[in-house]
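Read through the structure below, which is laid out as structure tokens, and then see the notes.
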Amino acid sequence: SPRVLSGIQPTAGSFHLGNYLGAVRQWVALQETHDAFYMVVDLHAITVPQDPKDLRANTRLAAAQLLAAGLDPERCTLFVQSHVPEHAQLAWIMNCLTGFGEASRMTQFKDKSAKQGADRASVGLFTYPILQVADILLYQANEVPVGEDQRQHIELTRDLAERFNGRFGETFTIPRPYILKETAKIYDLQDPSIKMSKSASTPKGLINLLDEPKTTAKKVKSAVTDTDTVIRYDVEQKPGVSNLLTIYSTLTGTPIADLERQYEGKGYGALKTDLAEVMVEFVTPFRERTQQYLDDPESLDSILAKGAEKARVVAAETLAQAYDKVGFLPAK
Ligand code: AQP
């Protein structure tokens, strides 16, 4: 069956609603139909300074949340990126194939380095997308389920795979982005012109899945809408309301058109009160399941160890081919 590969950073502690609806939810669905590889990307995390103790704890926390969200180690390969050294090894080759100007055009680096101050940004942050290229190509992934903000990095992956194949002979599968239109970009609840994000959102605009359910309900109820009262999906004219409808529709499986009908003539208050309830019903068991996985770190670590073992088999085979194609002398 076709392969998928994706990753998530362990940096923020809790996943936010954008991570879940934009990416993780699709990961859970795709493990049923695809040969799926999912990882906690700790190598990516250290592109900005990390406290070692926090990084270790957050890596376990990310894995626990992925399992709580519905990843099943029997149906997918779940692992920690640093457990598979081939990622860094293939990244070096990919770094050497990437033009400096080409890497400079990555908008996420521009945004993130601008935030940190260009002088403080690490070279690792600059080459982050190239490590991501290696992540994807190592598994010969056909599809990469991500949010819209990652589209440019998947394009770079395709370019580099084609470049490598052209220069050294067929080696890598050319991957496609798997981005669901409806949930490609979840917006900040206080400022629906920006994406919900751990670094750019205001605390009130960001729904952390591990927050107290009460806090979550409050954030939903104080979400910014508009001065109109009509509940209608219209991203241009009514971005705040549309964002709430997207979240509501995805979490309940109710088509947006049905929600529009259901709330006809009712105010934003009714929509927000009901959505707050939907959110609480979603996050409450999610928090409990996450805690259960954290309460048993040995089982958690053993799931990750088994995942890494499975991942390494695939990664090592691809890396060996790439090393051979490039012309590295075998070590025997
Ligand atoms: N707002 C979003 N809407 C839809 N998808 C989103 N993703 C992130 N934000 C949204 C998707 O989540 C996956 C994991 O992303 P990540 O590992 O980059 O996680 P993060 O760094 O914690 O996400 P942020 O909040 O986007 O980080 P910063 O603040 O650093 O920019 C990806 O597939 C991503 O597309």
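Identify the chymotrypsin sites (Phe, Trp or Tyr not before Pro) of segment 281-332 meeting these criteria: DSSP loop state and at most 12 other C-beta atoms within 10 Å of the C-beta.
Numbers: sites: F282, F286, Y293, Y323, F328; in loops: F328.
Passing sites in segment 281-332 are F328.
Taking the C-alpha atoms only, the angle from helix 107-116 to the longest principal axis of the chain is near 80 degrees.
Quotient of the Cα radius of gyration of segment 2-86 and 2.2 N^0.38 Å, N being its number of residues: 1.05. A helix-only calculation puts the chain at -17000 deg cm²/dmol for mean residue ellipticity at 222 nm, using -39500 (n - 2.57) for each DSSP H run of at least four residues, averaged over all residues. Computed 3J(HN,Hα) for segment 254-271, one whole-Hz value per residue from the Karplus formula 6.51 cos²θ - 1.76 cosθ + 1.60 where θ = phi - 60°, is 8, x, 4, 4, 5, 5, 4, 5, 4, 9, 4, x, 9, x, 4, x, 5, 4, glycine and proline marked x. Rounded to the nearest 0.05, what FRET efficiency do K221 and K306 have when you use their Cβ-Cβ distance and R0 = 35 Å? Working from the Cβ atoms, E equals 0.25. Within the chain, all pairs of alpha-carbon atoms sorted by distance into 20 Å bins from zero give the percentages 30, 56, 13, 0.
Mean silhouette area of segment 203-332, derived from the convex hull of its C-alpha atoms and averaged over all directions, reads 13.6 nm².
Under the classification rounded if a/c is under 1.5, otherwise prolate if a/b is larger than b/c and oblate if not, where does segment 83-175 fall, given a ≥ b ≥ c as square roots of the Cα gyration tensor eigenvalues? Prolate, because a/c is 1.5 or more and a/b exceeds b/c. With the gyration tensor restricted to C-alpha atoms of segment 15-139, the semi-axes of the equivalent ellipsoid amount to 26, 18, 14 Å, longest first. In order along segment 244-250, the phi-based Karplus estimate (6.51 cos²θ - 1.76 cosθ + 1.60, θ = phi - 60°) of 3J(HN,Hα) comes to 5, 5, 4, 5, 4, 4, 5 Hz; Gly and Pro are listed as x. For segment 70-176, the relative contact order is 28 percent, taking Cα pairs closer than 8 Å that sit 6 or more residues apart in sequence and dividing their mean separation by the residue count. The long axis of helix 297-326 is offset from the longest Cα principal axis of the chain by roughly 50 degrees. Near D188, the amide H atoms lying under 5 Å from its own belong to I194, K195, M196; only residues 5 or more places off or on other chains count, and H is placed 1.01 Å from N.
With an 8 Å Cα cut-off and a minimum separation of 6 or more residues, compute the relative contact order for segment 171-257 in percent.
Normalised by residue count, the contact order of segment 171-257 is 23 percent.
The reciprocal of the average 1/r between distinct C-alpha atoms defines the Kirkwood hydrodynamic radius, which for segment 161-251 equals 15.5 Å. Relative to the longest principal axis of the Cα atoms of the chain, the long axis of helix 86-97 makes an angle of roughly 80 degrees.
Dipole of the chain computed with +1 at Lys/Arg Cβ and -1 at Asp/Glu Cβ about the Cα centre; of A118, S201, P175, farthest Cα towards the positive end is A118.
Gain on full extension, evaluated as 0.36 nm per residue between E277 and E317 minus their Cα-Cα distance, stands at 9.6 nm. Kindly provide the trypsin sites (Lys or Arg not before Pro) of segment 229-300 that DSSP labels as loop, not H, G, I, E or B, and whose Cβ sees at most 13 other Cβ atoms within 10 Å. Passing sites in segment 229-300 are K266. Here the contact order of the chain, divided by its residue count and restricted to Cα pairs under 8 Å and six or more residues apart, works out to 23 percent. Across segment 143-191, the fraction of Cα-Cα pairs farther apart than 11 Å, rounded to a whole number, is 69%. Express the Stokes-Einstein translational diffusion coefficient of segment 82-236 in µm² s⁻¹, to the nearest whole number, given a Kirkwood radius over alpha-carbon pairs, 20 °C and a viscosity of 1.002 mPa s. The Stokes-Einstein estimate is 118 µm²/s.
Quick note: the coordinates plus some simple rules give every number you see, no bench work behind them. Note that the structure is a prediction, hence the values are computed from the model and not measured. When we count neighbours, we look across all protein chains shown, and the Cβ atoms used for this are built from the backbone with ideal geometry, even at glycine.
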